[in-house]
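The values are calculated or read from the model by the stated rules, or taken from the named source; none is laboratory data. These figures come from a predicted structure and were not determined experimentally. Here Cβ is always computed from backbone atoms with ideal geometry, including for glycine, and neighbour counts include all displayed protein chains. These area figures cover heavy atoms from the full protein model, side chains too; ligands, DNA and RNA do not enter into them. Shrake-Rupley method; radii C 1.70, N 1.55, O 1.52, S 1.80 Å.
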Amino acid sequence: ETGVTQTPRHLVMGMTNKKSLKCEQHLGHNAMYWYKQSAKKPLELMFVYNFKEQTENNSVPSRFSPECPNSSHLFLHLHTLQPEDSALYLCASSQEKLGLGRLSSGNTIYFGEGSWLTVV
Amino acid sequence: GQQLNQSPQSMFIQEGEDVSMNCTSSSIFNTWLWYKQDPGEGPVLLIALYKAGELTSNGRLTAQFGITRKDSFLNISASIPSDVGIYFCAGPSSNDYKLSFGAGTTVTVRA
């Protein structure tokens with residue numbers, strides 16, 4: 001139990017469906033992240049939120065739409081996805097947003113268990 | 001973010017053996033993180049390193065922050081079956097806000 005909870009753990013959706021992934025952190029952190037993990041590839045950063053404000057969109061297609069209503073919750077809304085979007089989507093949080101080249105002692109990034117997404 | 005080179009890509013080890021893996025970067029890092037990911041789960045933080053030369057242990061795991069600040073090492077002593085999984089290194093380069101990840105080292109333990 002890392003303090004970051006993701007639901008659902010598994011999701012199968014058609015290309016015309018609209019679904020959402022949810023992330024909740026119980027750590028009192030101020031920064032939250034969405035990562036994509038595909039087979040045999042390094043984790044890819046998608047979005048960064050700091051104090052509910054989006055600070056980074058790593059060239060993610062618009063069919064992925066994040067929402068951060070408060071510092072504890074992060075959503076990823078999915079619409080008209082493609083089969084190649086099938087992957088493990090990981091939510092993460094940290095006390096403060098990553099500083100330039102440094103995570104201070106005690107400020108580390110913690111991951112949720114992930115949501116396995118299959119697009120058919 | 002910077003690309004991290006992690007090696008080996010995979011390893012088969014005998015239970016009870018010691019294991020070593022490393023991670024290198026072309027740029028200087030000020031922080032190194034080591035994660036373990038079990039099948040079907042998210043990465044779990046094992047060890048965080050914040051100073052060059054730092055050596056930190058977590059049970060049977062020991063990680064070192066390389067003096068050059070461009071590499072880090074993770075050792076697992078006396079491996080057991082539950083050490084199976086994928087081990088990732090990660091860190092933000094000194095000129096970047098992003099966290100980069102290695103491609104992972106897959107560890108399989110033979111009983």
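The residue that is most open to solvent (accessible area, probe 1.4 Å), counting only those in segment A:1-26 that are under 14 Å from A:C91 (Cα atoms) and in a loop (DSSP other than H, G, I, E, B), is A:E1. Need a quick list: strands (runs of 3 or more DSSP E) entirely within segment A:38-120 having at least 3 residues that are within 14 Å of chain B (Cβ to nearest Cβ) and of a type in the set (A, V, I, L, M). Because the criterion is at least 3 residues that are within 14 Å of chain B (Cβ to nearest Cβ) and of a type in the set (A, V, I, L, M), the strands (runs of 3 or more DSSP E) in segment A:38-120 that meet it are A:44-50, A:87-94.
Among the criteria (1) of a type in the set (S, T, N, Q); (2) at pLDDT 90 or above; (3) open to solvent by 80 Å² or more (accessible area, probe 1.4 Å), the one A:S59 does not fulfil is (2).
Those strands (runs of 3 or more DSSP E) of segment B:1-91 in which 1 or more residues are free of Cβ contacts under 8 Å to residues at least 24 places away in the same chain occupy B:44-49, B:55-58, B:61-65. Answer with yes or no whether B:T105 is open to solvent by 20 Å² or more (accessible area, probe 1.4 Å) and either out of contact with any Lys or Arg (no Cβ under 6 Å at 6 or more places or on another chain) or under 14 Å from B:D18 (Cβ atoms) (or both). Answer is no for this residue. Give me the residue from segment B:76-93 that is buried (at least 16 other Cβ atoms within 10 Å of the Cβ) and of a type in the set (S, T, N, Q) and, out of that set, nearest to the other protein chains (Cβ to nearest Cβ). Here the answer is B:S93.
Determine, yes or no, whether B:D18 is more than 10 Å from chain A (Cβ to nearest Cβ), open to solvent by less than 50 Å² (accessible area, probe 1.4 Å) and among the acidic types (D, E). So B:D18 fails the test.
Reported count of residues in segment B:1-15, each being of a type in the set (A, V, I, L, M, F, W, C) and open to solvent by 40 Å² or more (accessible area, probe 1.4 Å), is 1. Of the residues screened, A:M32 is not one that is open to solvent by less than 20 Å² (accessible area, probe 1.4 Å) and away from chain B (no Cβ under 14 Å).
Conditions tested, residue by residue: (1) of a type in the set (D, E); (2) open to solvent by 30 Å² or more (accessible area, probe 1.4 Å); (3) in contact with a helix residue (DSSP H, G or I) (Cβ under 9 Å, 6 or more places away or on another chain); (4) modelled with pLDDT of 95 or more.
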residue: A:G28; (1), (2), (3), (4): no, yes, no, no
residue: A:Q37; (1), (2), (3), (4): no, no, no, no
residue: A:Q54; (1), (2), (3), (4): no, yes, no, no
residue: A:R63; (1), (2), (3), (4): no, yes, yes, yes
residue: A:Q95; (1), (2), (3), (4): no, yes, no, no
residue: A:L98; (1), (2), (3), (4): no, no, no, no
residue: A:S105; (1), (2), (3), (4): no, yes, no, no
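Scanning segment B:30-75 for residues that are open to solvent by 40 Å² or more (accessible area, probe 1.4 Å), more than 13 Å from every other protein chain (Cβ to nearest Cβ) and within 12 Å of the chain's Cα centre (by Cα) gives B:Q64, B:F73, B:N75. If the condition is being among the small types (G, A, S), part of a loop (DSSP other than H, G, I, E, B), within 10 Å of chain A (Cβ to nearest Cβ) and farther than 13 Å from B:W34 by Cβ, then segment B:94-111 contributes B:S94, B:A103.
A:L21 meets all of the listed conditions (1) of a type outside the set (D, E, K, R); (2) within 11 Å of another protein chain (Cβ to nearest Cβ); (3) within 28 Å of B:D38 (Cβ to Cβ) but one, namely (2).
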